[in-house]
Amino acid sequence: MNQYIICRMRDSVFSFLMNNGKAVEIHCDREENASLLGNIYVGRVRDIARNIGAAFLEIAPDTVCYLALDEIQNPIYTKKGSSPRIQMGDELLVQVCREAMKTKYPSVTTNLTFRGKYLLLTTGKTQINASSKLAVEEKKRLIGLVNEIEHENADEKEKRTYGWLLRTNAGGVSRDTLQRDMERLQLLYQKAVADGVHRVCHSCIFTAPHAWISRLSDIYEFSAEQFLTDDETIWQEAKAYLSACQPEDLPRLSFYQDTLQPLCKKYSLERQLDCAFSEQVWLNCGGYLVIQPPEALTVIDVNSGKYEGSAKNRQKAFFKINQEAAREAARQIRLRNISGIIIIDFINMDAAEDREALLLYLDSQLRQDPIHTVLVDMTKLSLVEITRMKKEKPLYAQIC
């Protein structure tokens, strides 16, 4: 059974997405240092740097954020100067879309997004789109349902200044379920805009739920059949959220009460966490990975280690090690929340068809990651280049 486990460890709330007993994602939410991700503020433009296409806004005293000028779409101003272009002193609604990382400021966007389990409401575009992971016929059905629901109120359709994105989770859902999600997101959007235009600078208009709660709507149906916790407060919060937003998932929530074997021990969560920080990761075949995150990129080195294949089938053995290494590397990238540029140094293989097969296999493993990850290519030195979108801090930074 695949599970989403939430528990308190090391004075923080940890969430583990478990796949057949192995963690594929670990997140740490430090309660004394809550994340700003997803929050909406009335920000004031402090500076414009048109040479780099950016504006710098304050969302709180001494809290500066980065806004890309070419991504400004349908901004909602609460105070506007005389210029039609964004200028110093303007005040507008912005949402934190990326956390601060190392020396970089948090990033904000004028495209406000409200997340449901089946839909995203976004002010950036007014179209209705669907996840690329949905089948073509299912996309047509779902887009048709959204149009039907909106056409029930012609006035609302004419006034709509936002768009819809149907998420992968929407596959197969009923009209009533979709409508409930739409109505909840519309209410959140309308309240944020109505409140925001009358609030003073630096006001927080919308506070995103705890990150571990938000992930309840991000988890695909097949990723976790059970939500499990042994903490009374977490269980009550999760129950309240699911009852209000995802009542169909309430049966998946379980409260762990075995006093003889704590939840942490039963699923070896401390060991899973320690493994996510280990520089060396052993493979079942006897090979191992070395994962090192220098300043500019992350390097993963594949080694044959203790593998004892016959010398006669050397290339076949190398392919087997590389294939297992590809599967584990994809898991470790997601587990540690590694982002930016990633280089994997596989064991050299002579046959071009082996290299091609390895890339296809690695790509299939990376596609299981919900965060946008791209396999770029393999260089002449057999170095595989990967990029992964930066959204949250890597696991080590969340904890440290």
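The values are calculated or read from the model by the stated rules, or taken from the named source; none is laboratory data. Keep in mind that this is a model prediction, so the values were computed, not measured. Cβ sites come from the backbone with ideal geometry, for glycine too, and all protein chains shown count toward neighbours. Calculation scope for accessible area: heavy atoms of the full protein, side chains included, ligands and nucleic acids excluded. Shrake-Rupley method; radii C 1.70, N 1.55, O 1.52, S 1.80 Å.
A few notes on this one:
- Taking only Cα atoms of region 250-400, radius of gyration then Dmax in Å: 17.6, 56
- Residues of region 150-303: accessible area per residue with a 1.4 Å probe, Å²: 52 Å²
- Estimated from the Cβ-Cβ distance and a Förster radius of 22 angstrom, the FRET efficiency linking PHE255 and ARG30 is about 0.40.
- Using a probe radius of 1.4 angstrom, the carbon and sulfur fraction of the accessible surface of the chain is 51%.
- Ellipticity estimate at 222 nm from DSSP helix runs (n ≥ 4, -39,500 (n - 2.57)) divided over the chain, nearest 500: -9500 deg cm²/dmol
- Heavy-atom surface of region 1-54, accessible at 1.4 Å and reported per residue (Å²): 45 Å²
- Normalising the Debye intensity of the chain to I(0), with uniform scatterers on Cα atoms only, and taking log10 at q = 0.11, 0.13 Å⁻¹ returns -0.95, -1.25.
- Relative contact order (%) - region 65-199, alpha-carbon pairs under 8 angstrom, separation at least six: 25 percent
- Ordering VAL384, LEU36, VAL193 by the projection of their Cα atoms onto the charge dipole of the chain, which places +1 on the Cβ of Lys and Arg and -1 on the Cβ of Asp and Glu, puts VAL384 at the extreme positive end.
- Note on region 39-101: Rg/Rh from C-alpha atoms, Kirkwood Rh, equals 0.92.
- Hull volume in cubic angstrom per residue (convex hull over the Cα atoms of region 65-218): 143 Å³
- Estimated dipole of the chain in Debye, rounded to 20 [Cβ of Lys and Arg +1, of Asp and Glu -1, Cα centre]: 440 debye
- Modelled FRET efficiency - R0 25 Å, VAL64 with LEU187, Cβ distances, 0.05 increments: 0.20
- Placing a label point 7 Å from the Cα of GLU152 along the Cα-to-Cβ direction, the residues of region 99-132 whose backbone N falls under 20 Å of that point are 116-122, 128-129.
- The value of relative contact order for the chain, using C-alpha pairs under 8 Å at least six residues apart, is 15 percent.
- Taken over region 312-400, the alpha-carbon convex hull comes to 92 cubic angstrom per residue.
- Counting only aspartates and glutamates at least 8 places from LYS316 when in the same chain, those with an alpha carbon closer than 13 Å to its own are GLU308, GLU324, ASP350, GLU353, ASP354.
- Over region 219-305, relative contact order from alpha-carbon pairs under 8 Å, at least 6 apart, %: 18 percent
- Hydrodynamic radius by Kirkwood, which averages 1/r over all alpha carbon pairs of region 1-84, in angstrom: 16.5 Å
- Applying D = kT/(6 pi eta Rh) to region 168-242, where Rh is the Kirkwood radius over alpha-carbon pairs, T corresponds to 25 °C and eta to 0.890 mPa s, the Stokes-Einstein value obtained is 163 µm²/s.
- Taking a point 7 Å from the Cα of LYS266 along the Cα-to-Cβ direction, the residues of region 243-259 with backbone N closer than 11 Å to it are 254-259.
- Set of aspartates and glutamates near LYS266 by C-alpha distance (under 13 Å), chain-local residues within fewer than 8 positions excluded: ASP230, ASP258
- Quarter of the Cα convex hull surface for region 187-314, i.e. its orientation-mean projected area (nm²): 14.8 nm²
- At least 15 Å along the helix axis (C-alpha) and Kyte average at least 1.6, DSSP helices within the chain: none
- When region 227-300 is described by a simple charge dipole with +1 on each Lys and Arg Cβ and -1 on each Asp and Glu Cβ, the residue from PHE255, THR298, TYR288 located farthest towards its positive end is TYR288.
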